[in-house]
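Since the structure comes first, as structure tokens, the remarks are kept for the end.
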Amino acid sequence: MTEYIQYFGEVPDLKFEVDIKDGSLCIEGKNCYTLYYNMLLFFANGGSTCYIVSVGSYEDALNKNAMLTGLEKLTLEQEITLVVIPEAVNLNSNEEFR
């Protein structure tokens, strides 16, 4: 995680709102910026070598075209055997998954 933090920083502060109505609890907010936590799990479960392709910053909205451009860059490496995009779940619509 040392190299990850060196290049991408630590996990950004999450912002959310909590609303309690009629005794029920609702937390509003988007589940974003999960890569840091996914990397922790990767290494905790025995992962060793990985490549990270940045397609934007924490301030940028997720974008299908940026992700596709990032995937194209992976074709330059022969060692890659598995591609995982954990933050793709935050794309705006089902059409962006096609």
For this session: Pull out the extension gain between residue 54 and residue 85, defined as 0.36 nm times the separation in residues minus the alpha carbon to alpha carbon distance; nm, one decimal.
Result: 10.1 nm
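Enter the mean projected area of the convex hull around the alpha-carbon atoms of the chain, in nm², rounded to one decimal.
Values: hull surface 34.3 nm².
One quarter of the hull surface, i.e. the mean projection, equals 8.6 nm².
Student exercise: in the chain, how many lysine pairs 8 or more apart or on different chains have Cα atoms under 21 Å apart? Intermediate values should be presented prior to the final figure.
Values: 15/30; 21/30; 30/64; 64/73.
So the count works out to 4.
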Problem set entry | Per DSSP, loop GluC sites (Glu not before Pro) in the chain with at most 16 further Cβ within 10 Å | 10, 59, 77, 79
Problem set entry | Those chymotrypsin sites (Phe, Trp or Tyr not before Pro) in region 8-98 that DSSP places in a loop and that have at most 14 other beta carbons within 10 Å | 16, 33, 51, 58
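None of the figures in this text is laboratory data; all of them are computed from the coordinates on show. None of the values given here were measured: they were computed from a predicted structure. All Cβ positions, glycine included, derive from the backbone under ideal geometry; neighbour counts span all protein chains shown.
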